[in-house]
Amino acid sequence: MTNKFRGQDIKTKEWVYGSYVKLKHRHFVVNSSDTEIIWKRVKEETVGQYIGLDDCDKKEIASGDLVKHRDTTGKPGEVHYEDGMFKIGGVPANTYHSSVKKIVGTIHDNKVK
């Protein structure tokens, strides 16, 4: 698994994806192609790492996402790193098959779909 990150651009508030770089007190997500390297300054508190799992819609799950079981109406769990592993709520993230996990928002956007 490659280390993928996302963060919210401080100017546009759009989510940007790529590698994470911290320079002094500034935080960036960097993306590159064959012809250019794009640096986007992001809000530190919004930086989240891809956890290596996708949800039922094939969206990459990152720390800071709110995830719930697709077929339930229960409260979504926050994706976070604890005790050497990523967890959804208090449960190890790899406990459930991706077909039953659904991203419903992020803790940073304060919105749940």
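Would you work out if the chain is rounded, prolate or oblate? Take a ≥ b ≥ c from the square roots of the eigenvalues of the alpha-carbon gyration tensor; rounded if a/c is under 1.5, else prolate when a/b is larger than b/c, oblate otherwise. If you can, show how the numbers build up before the last one.
Values: a/c = 1.94, a/b = 1.80, b/c = 1.08.
Prolate shape, in that a/c is at least 1.5 and a/b is the bigger ratio.
May I ask you to compute the full-extension gain from Tyr81 to Val30, defined as 0.36 nm times their residue separation minus their alpha-carbon distance, rounded to one decimal in nm? It would help to have the intermediate numbers written out before the result.
Numbers: separation 51, 0.36 × 51 = 18.36 nm, distance 2.23 nm.
Contour length minus Cα-Cα distance gives 16.1 nm.
When a/c reaches 1.5 or more, the comparison of a/b and b/c decides; with that in mind, is the range 5-44 rounded, prolate or oblate per its Cα gyration tensor? Don't jump to the answer; show the numbers that get you there.
Details: a/c = 1.98, a/b = 1.34, b/c = 1.47.
Judged from the Cα gyration tensor, the range 5-44 comes out oblate (a/c at least 1.5, b/c at or above a/b).
Could you pull out which residues in the range 33-61 have an amide N less than 12 Å from a spot 7 Å beyond the Cα of Leu23, following the Cα-Cβ vector?
Answer for this model: 38-42.
Along the Cα→Cβ direction, 7 angstrom out, place labels at Lys58 and Lys13. What is the inter-label distance in nm?
Label at Lys58, label at Lys13, 3.0 nm between them.
Between Glu36, Glu82, Glu44, find the one with the highest GNM mean-square fluctuation for the chain; connect C-alpha pairs within less than 10 Å.
Comparing Glu36, Glu82, Glu44 in a Gaussian network model of the chain, the most mobile one is Glu36.
Which of Ser19, Ser98 comes first, and how do the rest follow, when ranked by fewest Cβ neighbours within 10 Å?
Numbers: Ser19 14, Ser98 17.
The order, fewest Cβ neighbours first, is Ser19, Ser98.
Which of the residue pairs Lys24/Lys102; Lys11/Lys75; Lys4/Lys68; Lys13/Lys58 have a Cα-Cα distance greater than 27 Å in the structure shown?
Lys24/Lys102; Lys11/Lys75, as the Cα separations exceed 27 Å there.
Any read-out appearing in this document is the output of simple, stated calculations on the displayed coordinates, not a laboratory observation. Predicted model, so just to flag it, every value in this text is computed and none were measured. Glycine gets a Cβ as well: all are built from the backbone with ideal geometry, and neighbour counts include every protein chain shown.
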